[in-house]
1. Just the residues that are touching a strand residue (DSSP E or B) at 6+ places or on another chain (Cβ under 8 Å), aliphatic (A, V, I, L, M) and closer than 16 Å to residue 178 by Cα, please, taken from segment 116-149.
2. Using the structure shown, decide if residue 81 is touching a residue at least 24 places away in the same chain (Cβ under 8 Å), acidic (Asp, Glu) and outside any loop (DSSP other than H, G, I, E, B).
3. If I ask for residues that are within 25 Å of residue 313 (Cα to Cα), polar (S, T, N, Q) and surrounded by fewer than 22 Cβ atoms within 10 Å (Cβ to Cβ), which ones from segment 98-154 would you list?
4. Can you tell me which residue in segment 246-296 is farthest from the chain's Cα centre (by Cα), limited to those that are farther than 22 Å from residue 159 by Cα and loosely packed, with under 11 Cβ neighbours inside 10 Å?
5. Would you kindly identify the helices (runs of 4 or more DSSP H) lying entirely within segment 166-284 that contain at least 2 residues that are in the same structural domain as residue 15 (by TED's automatic domain parsing) and within 16 Å of the ligand (Cβ to nearest atom)?
6. Which of the residues spanning segment 285-299 are away from the ligand (no atom under 14 Å from the Cβ) and free of Cβ contacts under 8 Å to residues at least 60 places away in the same chain?
Amino acid sequence: MPTTNRQILLNGRPDGEPKASDFRLGEAPIPKPGPGQFLIRNHYLSLDPFQRGRMNANWRYGRKLEIGDVMIGSTVGEIIESYHPAWRTGTFVEGLLGWQEYALHDGEGGRQDYGPGLTRVDPKVAPVSTALGVLGTSGETAYWSIIDVAKPRPGDTVVISGAAGAVGTIAGQICKILGARVVGIAGSDDKVDYITRELGFDAGINYKTTPNLLDTLRQYCPDRIDVYYDNVGGEIADMMFRHLAKGARYIVVGRIANYNDAKPRLMPDLFPLIMTSRAQVHGFIVFDYEDRIREARAQLARWIDDGKIKYRETIAHGLENAPAAFMSMLKGGNTGKQLVKLFPDAR
Ligand SMILES: NC(=O)c1ccc[n+]([C@@H]2O[C@H](COP(=O)([O-])OP(=O)(O)OC[C@H]3O[C@@H](n4cnc5c(N)ncnc54)[C@H](OP(=O)(O)O)[C@@H]3O)[C@@H](O)[C@H]2O)c1
């Protein structure tokens with residue numbers, strides 16, 4: 001049994017894009033569980049855009065990180081030692097256990113707002129890594145934002161940015177299941193090939209090479225956009241307002257293009273476009289659906305079984321490579337869910 005718990009700590013607050021020196025590999029003794037506690041050996045770590053925001057001093061909701069803190073992040077792992085009657089050795093769990101190899105827990109705490117609670121994971125349903133992606137927060141985000149907020153109707157044209165990522169790939173496939181026409185926006189030709197050829201999106205746009213995004217949108221969405229699913233913010237999102245159909249829904253899910261900005265971006269210039277298109281702009285936060293996690297996971301698992309939803313994982317190996325994988329993900333290095341496999345024998 002090893003005695004050292006390797007951890008990635010916040011070493012500095014990024015000024016713009018994060019860099020390697022903003023992270024530090026630390027070592028602590030593996031904690032010893034006491035009565036009512038148990039020890040988890042993490043198998044996979046989830047790398048998510050929201051973690052970038054938590055590195056800032058002026059983070060607005062949820063717990064902000066202090067210098068020296070273990071980086072915030074969800075993991076899936078196995079209970080390897082337990083002194084808690086309800087949490088047995090051998091059980092797989094998912095929770096906000098941080099960028100570290102081992103974690104102590106007492107089974108308490110809710111999951112609201114990335115709370116400290118745990119969710120049990122059944123390895124018989126799917127590989128445990130999916131509890132961080134398609135059957136975890138990414139899948140739940142896609143599911144509820146489409147089913148309960150965007151509500152595309154058959155024949156609607158839906159445009160999804162961040163289309164080849166963890167949330168976008170699943171959101172687009174759910175829209176296809178519901179009968180919509182789906183156009184994805186992604187940052188490479190390989191990603192466009194993936195979403196159109198493998199996932200069944202109707203069209204894809206490489207926003208990095210298209211000479212004029214608005215012209216390309218006019219070409220792929222001749223009847224304008226009924227639903228814009230905004231995973232990225234920035235100039236791509238601004239452009240969508242110029243091509244919305246009357247009564248369109250504009251769903252704000254993520255703003256990754258703005259996460260490195262020092263100041264929040266205000267967009268009053270776009271208000272006339274909202275007025276003329278009579279669009280409805282909806283904000284979405286997955287925490288609001290914490291009490292409906294099982295419902296989303298069960299439906300997504302059925303769709304995977306039926307072959308209606310496919311998923312991909314981009315996996316880095318070893319905790320020491322988590323910062324590089326995180327920085328790569330923020331710049332588009334991933335297709336589907338970005339994970340770190342923490343041990344060679346991870347399940
Ligand atoms: N509201 C919620 O409850 C909720 C929950 C989960 C996630 N989110 C948000 O949803 C979005 C997607 O999250 P995810 O976990 O699925 O991440 P992801 O899409 O798997 O990874 C991030 C992707 O963003 C793209 N990207 C990076 N910078 C960009 C830019 N300047 N312009 C356009 N695209 C850019 C990159 O792909 P390309 O190669 O295509 O550039 C990259 O692969 C994020 O904004 C995240 O914060 C929101």
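1. 146, 149
2. Numbers: touching a residue at least 24 places away in the same chain (Cβ under 8 Å): yes; acidic (Asp, Glu): yes; outside any loop (DSSP other than H, G, I, E, B): yes.
Yes: the conditions hold for residue 81.
3. 119
4. Selected residue: 268.
5. Details: elements: 166-177, 189-193, 213-220, 234-240, 271-277.
Hits in segment 166-284: none.
6. To start, the set of residues in segment 285-299 that are away from the ligand (no atom under 14 Å from the Cβ) comprises 291, 294-295, 297-299.
Answer for segment 285-299, where residues must be away from the ligand (no atom under 14 Å from the Cβ) and free of Cβ contacts under 8 Å to residues at least 60 places away in the same chain: 291, 294, 295, 298.
The values are calculated or read from the model by the stated rules, or taken from the named source; none is laboratory data. Because the structure is predicted, anything quoted here is derived from the model rather than measured. A quick note on method: Cβ atoms are made from the backbone with ideal geometry, for glycine too, and the neighbour counts reach across all protein chains shown.
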